[in-house]
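Have a look at the structure below before the remarks.
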Amino acid sequence: MNYYMGMDHGTTAVSFNIIDENKKQVAYFKLNRDKLSNNEVNFKDTLSRYVDYKDIGLLAITYAMGDNISKITPIEKVKDRGIKSIEGAGKVTGGGSNVYAEIEELKIPSVVIPGMHRDSDFLDKRFRALYSHCASSEKVSLSYYAYMKYNFKNMIIADISSNSVCILVEDGAIKGAMDACIGACGFIHGPLDLEMIRNIDSGNKTANECFSHAGISKIAHVDDKVTNVKDMIIKNAVNEDEDALLAIDSLVTSVVMEIYGLYGISEKELDAIVLTGSGGTMTKPIDISGKISKKIEKIAPVYVMTEKSGAIGSSLIAYDIAVNNKKKILGIEVVD
């Protein structure tokens, strides 16, 4: 039996989803970034608990910004792992690069999914003109999962987690997105405001340091390991810490503004708004999902997916390329 696998290169962990020939889920697992970088865990050993890597028919990878490719491309044809640079992309741990190297060494049939950037001809030309980068490659994957799960051709997908990124899909193709450095705050990352620009100009901080502290962690006054930040903010909010509660409300506000912004420029009537990510799907102990939904349900019906959307979407991309010979995914060309 062949298996089809997807990888989500997230901020705090690298996650994977495996499905069989009938699209039935076989396994889902996460590898903590810090443990990967310290060689406490590795991809091959963890994968072997579920399936033999030689039985994987195709693996679809998302890696970092994905800004050096604009098509879904076989891994052997990808240069520099599909990225222009690792600079300016948040904290670098090296965990994800270890996984990419293992996949190459094992020679698993793989394709690399591009991010959304200035060279992405599938995007609306206005987004390409405005921004050098719109979203990382896992946003393609979670958008594909939303498309396959609900079959909506016109929607906004809001991924709220360490980063917050919203994606506009029209006529079944990705048209634009707002990345964490230009739009809504996440738990860790966010746009640079005037104070941060001044800190950069004065040499007190690098731009990347500011970006990595521009999320709602700055409001909650939480400065810890990337993997701990969200849980600490939520814990403090549950304990009715005023700064943490303000941080959550501010997160909701910034995400709602971003959704309304994409709605305002959409040229199609929206079928739905889909929430995902660890924040977008959270109902307990803080109902972040509900807080956002109440503010946007007047635009279109709101659906909530799982925080596993990126890995699941990647596995579905692998399946549809290998089994159904799809040549386009949400408007993105697939290279043979």
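Laboratory data are not the source of any read-out in this text; all were calculated from the coordinates shown. Not measured: the values here are computed from a predicted model. Note that we place each Cβ from the backbone using ideal geometry, even for glycine, and neighbour counts take in every protein chain shown.
Key figures for this structure:
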quantity	calculated
Filter pass, Lys30 being free of Cβ contacts under 8 Å to residues at least 40 places away in the same chain, out of contact with any Cys (no Cβ under 9 Å at 6 or more places or on another chain), closer than 27 Å to Asp223 by Cβ and of a type in the set (Lys, Arg)	yes
One residue from Arg198, Arg126 being surrounded by fewer than 16 Cβ atoms within 10 Å (Cβ to Cβ) and in contact with a strand residue (DSSP E or B) (Cβ under 8 Å, 6 or more places away or on another chain)	Arg126
Verdict on Ser15 being in contact (Cβ under 8 Å) with a residue 24 or more places away in the chain, surrounded by fewer than 17 Cβ atoms within 10 Å (Cβ to Cβ) and of a type in the set (Gly, Ala, Ser)	no
Answer residue from the stretch 205-222, given it is among the polar types (S, T, N, Q) and under 20 Å from the mean Cα position of the chain (by Cα) and is surrounded by the most Cβ atoms within 10 Å (Cβ to Cβ) among those	Ser217
Pick from the stretch 9-66, criterion more than 15 Å from Ser315 (Cα to Cα) and assigned to a strand (DSSP E or B), ranking: nearest to the chain's Cα centre (by Cα)	Ala13
Count of residues meeting criterion [of a type in the set (S, T, N, Q) and either in a loop (DSSP other than H, G, I, E, B) or over 26 Å from Ala13 (Cβ atoms) (or both)] in the stretch 67-81	2
Residue check for Met148: within 21 Å of Gly277 (Cβ to Cβ), among the aliphatic types (A, V, I, L, M), touching a helix residue (DSSP H, G or I) at 6+ places or on another chain (Cβ under 8 Å) and surrounded by fewer than 24 Cβ atoms within 10 Å (Cβ to Cβ)	yes
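Here's the yes/no breakdown for (1) within 18 Å of Gly280 (Cβ to Cβ); (2) of a type in the set (Ser, Thr, Tyr); (3) over 19 Å from the mean Cα position of the chain (by Cα):
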{"position": "Glu105", "(1), (2), (3)": "no, no, yes"}
{"position": "Gly115", "(1), (2), (3)": "no, no, no"}
{"position": "Arg118", "(1), (2), (3)": "no, no, no"}
{"position": "Phe122", "(1), (2), (3)": "no, no, no"}
{"position": "Lys125", "(1), (2), (3)": "no, no, yes"}
{"position": "His133", "(1), (2), (3)": "no, no, no"}
{"position": "Tyr144", "(1), (2), (3)": "yes, yes, no"}
{"position": "Leu168", "(1), (2), (3)": "yes, no, no"}
{"position": "Lys175", "(1), (2), (3)": "no, no, no"}
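Quick grid of which residues meet (1) without any contact (Cβ under 8 Å) to a residue 60 or more places away in the chain; (2) outside any loop (DSSP other than H, G, I, E, B):
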{"position": "Lys230", "(1), (2)": "no, yes"}
{"position": "Ile248", "(1), (2)": "yes, yes"}
{"position": "Thr253", "(1), (2)": "yes, yes"}
{"position": "Leu262", "(1), (2)": "no, yes"}
{"position": "Leu270", "(1), (2)": "no, no"}
{"position": "Gly279", "(1), (2)": "no, yes"}
{"position": "Ile286", "(1), (2)": "yes, no"}
{"position": "Ala300", "(1), (2)": "no, no"}
